[in-house]
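The values are calculated or read from the model by the stated rules, or taken from the named source; none is laboratory data. Predicted model, so just to flag it, every value in this text is computed and none were measured. Here the Cβ is made from the backbone with ideal geometry for all residues, glycine too, and neighbour counts use every protein chain on show.
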Amino acid sequence: MSRFLCSLVFTLALSLSARGGSSNSLLDVTPDGKRLAVANADSGTVTVVDAKARKKLCEVPVGDHPEGVSWVGDGPLVLVTVWGDDKLVFLDADAGKVVATLAVDDEPYGVVTTRDGARAYVTHDYPGTVAEVDVAARKVVRTFKAGTCVRGVALSPDEKTLYVTEFFTARLVALDRASGKVVDSWAGQETENLCRNVVLHPTWPTAYLAHIRSRVTGFDARGSIFSQLSVCDLGAAKGDAPRRRPHSADTFNGVLVVSNAWETAVTPDGSRLYTLYAGTDDLNIFRPVDDRYRDAEPTGGIPRVGRHPKALRVAPDGSELYVYNTLDFEVGVYDLDVRRKLGGVKVCDPPHTPEWVRGKELFVSAKPPMGGIKWISCSSCHPDGLTDGRVWQNPEGNRRTPHLFGLAHTHPLHWSADRDEVQDFEYTIRGKLMRGRGLFEGPLKPRPGFLPAAELEMDLGGKSTDLDALAVYTNSFEPRMSPHAAGVRKLTPGADRGRKLFFAESTGCATCHTGPYYTDSSLKKPFAVHDVGTGEDPREKMGPKYDTPALLAVYRNGPYLHDGRAKTLRDVLTTCNPGDKHGKTSHLKPAEVDDLVAFLKSLPFEPLPDETLNTVPYRLKKKPAGAK
C-alpha cells in the first residue's frame, strides 16, 4: 500500500471518532475530555479527576502496582491493570468503587479499549502475551503470543491492528486483531532497551516509541545510556529509507542531556509530539515531519515539569496537556507549549515513609547530586527494581544486571561481594558511571584497584540521611509469588520432583542455595563466595569466586550466571556446568533436568520471612496484618 493510501486509511479511521485511551499509560482522559483516571502505582490506588474543574473526585484502592488505566467510552467504567496482583480491575468512577475483578495472566501492564467499549486488550509483561477481554461479560476470550516481556500497546485508528512493544528490546510488533497472529515487526538495534509505550500518529501510518539505548561496552557517564525516540513506518517499505529509524533525544536539543525516556503523546491533529523524560524531569516538544528521515523537529527548549514524570496525555480538544508528576503526587496541567502551568491536582498522598520517598527520588534521578552530566540514574539499569536484561562490560569483568528483589535479606552486594551495604554505592555515584557529587560530605577511601575492596572498609551507614534513604528504597523490593507455582505453598508434580532433586545430596544445589531466600549470602565474615567454574575470562579482575545469587523470581531473570553466558536455566545445569562445579548435574537424565528447571521456575512458591539473621536495618518494614 502506498504511503498516501496508508495516510488516507488512517485519516478516515480517525474521523470515525477522535478519542484518548488508544495507547497504554498510567493516565487516561475520557473522549469528551471531562475526566481523568490516574493509576498511582506505589500507592496501589486509582484516582478519578474532574478535568474541567481540576478537582479530585475519588481515590479507590485497586491492588499491588496498577500500571495501566483505560476509560470505556466516556465512563463511568475504568479498566485497570494491576501488575503485582495479576488482575484486571473494573472500576465505577461514578460510584467510586471496584465493581469487578478479573484474574488474568501474570504481570498485566498496558490496557486499551475499542471505541465501542466491547473489547479491551491487555499486555502481559513476563509471559509476553496479549489478552482479549470481553468487557460486558468480564472474561478473557482469547490470548495471543506477542513477543518477549511486552508492555506498550496501541490500537490502530481502524481498530484492525494492535501494536505492542517488547520491554527489553524495544521491538515493535503488529498483531492482526481478527486472527491474533503477528503480521509484522520492527526490530531496533541490539542496544535498544526499556520500552514501555507506543503511540500512533493520528493521520499518518507512523508509530513513535520512547525508550533508552544501553551501550554495554561503555562504562562511563558519557557513553553508556542514552534516551532515544524510534520512529516506525507502519506501511510498506519505500525506497531506501528504513522502516524504523532511531533518533538520539540529545541531538534534538543541541546535546542538552535528557534521561530515561518514558512515554510519548501526540496532539489530536498530529501537529505536536511530546516525549517525557523521567530521569531529568523534563520533556521535548517536536513537530512531526513526514519525510522518513528527519521525522521530527524540535520546537525549542526543553520545558521542565514536576518530579519523576511518568505519564502524559493531551486533552481531546487539543487545549491543554496533562502530565503525571509521580513524586509530586499530582497531575500537572500545562498549556501546549509547556511554558505555563495552568494548574495541578493532587491525586494521592505519599506512600510509605518520607525516607522511602526521598530514596526513590534519588534512585530515579539522573540530576545532581546523583549524576554530574545527567545521562544515567540507578533506575536506568534497575527499572522498578527489575533487571535491564543486559550484561555489562564493567572494568572488573562482564556482569549481568540482577534484579533487586529480596535485597534487604541477601547482602553482601555485587557478584563479587565487594559491598556490604547499599550506602557503598556512593562509590558508583561519584565514579565514572554517574559522575555525581555524591550524598556523603566526607572523603572516600581511595580505590586504586579491585581487591581488596575499599568499599568494605568504609562504614557509610548512618553517616548521611540521603544515603540511608537511598538504602531504604533500594532494599524495599520484595518478590511476588511465581506464576509457575501451582498456588501458594503448592507445586506442580514435575516441580515437586525437582524440589526433591534440588535438596538431594546427589546434586548439592541446596548446599549454597539455602534458606528461605535460596542463598548462603551472609554478612558474617569471611563472606561465602564460590568458584563454580565461570571465572576463566581473561578480562575478569575479581574472580573466580562469586557470591551466591538468590533464586527468587529466577524464572524472569535471564540470562544467567555472573556474565550471562547461560541463556536458559537448562543451560545453567547442563552446557554451562562442565565438571559439575556448579552442583552435580551431569548424571541427571533429561526428564530430571526438566523437573529441576520446573522447581527453579516455581520460586518463590511460599511466603517469605520479613526478618532473617541477615536482614539489614535500612529497609522498609512490612506493616503488621490489619495495620493502616
Task: the stretch 180-213, residues that are hydroxyl-bearing (Ser, Thr, Tyr) and touching a strand residue (DSSP E or B) at 6+ places or on another chain (Cβ under 9 Å) - done: 185, 191, 206, 208
- [ ] All but one of (1) surrounded by 15 or more Cβ atoms within 10 Å (Cβ to Cβ); (2) closer than 18 Å to residue 416 by Cα; (3) modelled with pLDDT of 95 or more hold for residue 531, so report the exception by its number.
- [x] (1)
Open item on the list: Restricting to the stretch 67-112, name every residue that is more than 16 Å from residue 48 (Cβ to Cβ) and without any contact (Cβ under 8 Å) to a residue 24 or more places away in the chain.
Closed with: 85, 101, 103
Open item on the list: When the residues of the stretch 174-188 are narrowed to those that are farther than 12 Å from residue 160 by Cα and crowded, with 20+ Cβ neighbours inside 10 Å, which ends up farthest from the chain's Cα centre (by Cα)?
Closed with: 186
Open item on the list: So, in the stretch 360-398, how many residues would count as being under 23 Å from residue 438 (Cβ atoms), part of a strand (DSSP E or B) and under 20 Å from the mean Cα position of the chain (by Cα)?
Closed with: 1
Task: Members of the stretch 294-353 that are assigned to a loop (DSSP other than H, G, I, E, B), among the charged types (D, E, K, R) and touching a residue at least 12 places away in the same chain (Cβ under 8 Å) - done: 295, 307, 317, 320, 328, 335, 337, 339, 349
Task: Hey, residue 491 farther than 28 Å from residue 395 by Cα, among the aliphatic types (A, V, I, L, M), in contact (Cβ under 8 Å) with a residue 12 or more places away in the chain and touching a helix residue (DSSP H, G or I) at 6+ places or on another chain (Cβ under 7 Å) or not - done: yes
Open item on the list: Criterion first (under 26 Å from residue 127 (Cα atoms) and assigned to a loop (DSSP other than H, G, I, E, B)) does residue 152 satisfy it?
Closed with: no
Open item on the list: I need a count of the residues in the stretch 236-273 that are crowded, with 22+ Cβ neighbours inside 10 Å, in a loop (DSSP other than H, G, I, E, B) and small (Gly, Ala, Ser).
Closed with: 1
Task: Criterion violated by residue 222 - all others in (1) within 13 Å of residue 374 (Cα to Cα); (2) surrounded by 17 or more Cβ atoms within 10 Å (Cβ to Cβ); (3) basic (Lys, Arg) satisfied - done: (2)
Task: Residues located in the stretch 542-557, provided they are part of a loop (DSSP other than H, G, I, E, B) and surrounded by fewer than 17 Cβ atoms within 10 Å (Cβ to Cβ) - done: 544
Open item on the list: Looking at (1) surrounded by fewer than 21 Cβ atoms within 10 Å (Cβ to Cβ); (2) of a type outside the set (Lys, Arg); (3) more than 23 Å from residue 123 (Cα to Cα), which one does residue 103 not meet, given that it meets all the others?
Closed with: (3)
Task: Criterion (touching a Ser or Thr at 6+ places or on another chain (Cβ under 8 Å) and either modelled with pLDDT under 95 or over 23 Å from residue 64 (Cβ atoms) (or both)) met by exactly one of 122, 183, 112 - done: 183
Open item on the list: For the structure I just gave you, tell me whether residue 609 is over 23 Å from the mean Cα position of the chain (by Cα) and part of a loop (DSSP other than H, G, I, E, B).
Closed with: yes
TODO: Evaluate the following for residue 428: is it among the β-branched types (Val, Ile, Thr) and part of a helix (DSSP H, G or I)?
DONE: yes
Open item on the list: Just to be sure I understand, how many residues within the stretch 205-217 are assigned to a loop (DSSP other than H, G, I, E, B) and touching a residue at least 60 places away in the same chain (Cβ under 8 Å)?
Closed with: 3
Open item on the list: Looking for something modelled with pLDDT of 95 or more, buried (at least 17 other Cβ atoms within 10 Å of the Cβ), within 30 Å of the chain's Cα centre (by Cα) and closer than 30 Å to residue 460 by Cα - is there at least one such residue anywhere in the stretch 563-586?
Closed with: yes
- [ ] Keeping to the stretch 69-95, report how many residues are touching a Gly at 6+ places or on another chain (Cβ under 6 Å) and either within 20 Å of residue 154 (Cα to Cα) or aliphatic (A, V, I, L, M) (or both).
- [x] 7
Task: helices (runs of 4 or more DSSP H) within the stretch 439-512 that include 1 or more residues of a type outside the set (S, T, N, Q), farther than 24 Å from residue 420 by Cβ and more than 32 Å from the chain's Cα centre (by Cα) - done: 493-502
